[in-house]
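Report on one structure; see the data block that follows.
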Amino acid sequence: MSRVGIDDNENLESVRATAEGRSTLIATQTECTFAFTTEAGWPAGVVMSYLFTRDRFWLTAAAGRAHVRGAVRDPRVTLVISNAGTTLPGRQMLSVRGTATVHSDEAVKSWFYPEFSRHLAPGDPDAFAILLNSPQRVVIEVEAVRVAVSHDSTKMPGDGRGGYRSR
């Protein structure tokens, strides 16, 4: 019988992140890879800061960027979040498929910029909010459709590096 992380590194279903682990990762991390499709049909991605609130992921960018145009053209996007750069143990990740809505209205910007700034620049959130509030900036709302993939190496012996082997 094969044992995940000991003599089997192929079937990793048992090391998917739990709902609690996914929530902790989302709350702890501040960056994700925002994956979209280009006009030519190629997959592409950019690293972006995010805020998770109101059961949605919220991001911001200048309106003319390729990823904004991609989200307008095809709202199906994927966010990939890992624990890299956080204090969370092991290697954790999740890939969230979602539907993007691009907002340019002041009603969304007025609550988003201050909240996003408090989350990402707690030392001087007002200065960051002022910087963000530029004429061509938009807010991207991503509603999760499903978690496509997740992984938590702490569920594996040796943290997934083969550190334990019974002889």
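The values are calculated or read from the model by the stated rules, or taken from the named source; none is laboratory data. What you see is a predicted model, and the numbers here were worked out from it, not measured in a lab. So basically every Cβ, Gly included, is an ideal-geometry build from the backbone, and we count neighbours across all protein chains shown. Surface areas here come from the heavy atoms of the whole protein model, side chains and all, with no ligands, DNA or RNA. Shrake-Rupley method; radii C 1.70, N 1.55, O 1.52, S 1.80 Å.
Pairs please, first residue from segment 118-142 and without any contact (Cβ under 8 Å) to a residue 60 or more places away in the chain and farther than 27 Å from Val96 by Cα, second anywhere and open to solvent by less than 80 Å² (accessible area, probe 1.4 Å) and in a loop (DSSP other than H, G, I, E, B), Cβ atoms under 7 Å, 6+ apart in sequence or on different chains.
From segment 118-142, the pairs are Phe128/Ala121.
Show me the strands (runs of 3 or more DSSP E) found entirely inside segment 63-158 where at least 3 residues are loosely packed, with under 15 Cβ neighbours inside 10 Å.
It comes to 137-152.
Among the residues of segment 30-83, what is the count of those that are over 19 Å from Ser117 (Cβ atoms) and of a type in the set (Ser, Thr, Tyr)?
Result for segment 30-83: 5.
In segment 119-158, what residues are under 25 Å from Ala84 (Cα atoms), among the aliphatic types (A, V, I, L, M) and at pLDDT 95 or above?
Leu120, Ala121, Val139, Ile140, Val142, Ala144, Val145
Might you check whether a residue that is at pLDDT below 95 and either small (Gly, Ala, Ser) or at positive phi (or both) occurs anywhere in segment 100-118?
There is no residue in segment 100-118 that is at pLDDT below 95 and either small (Gly, Ala, Ser) or at positive phi (or both).
So, in segment 12-62, of the ones that are without any contact (Cβ under 8 Å) to a residue 40 or more places away in the chain and in a strand (DSSP E or B), which residue ends up nearest to Ser110 (Cα to Cα)?
This residue is Phe52.
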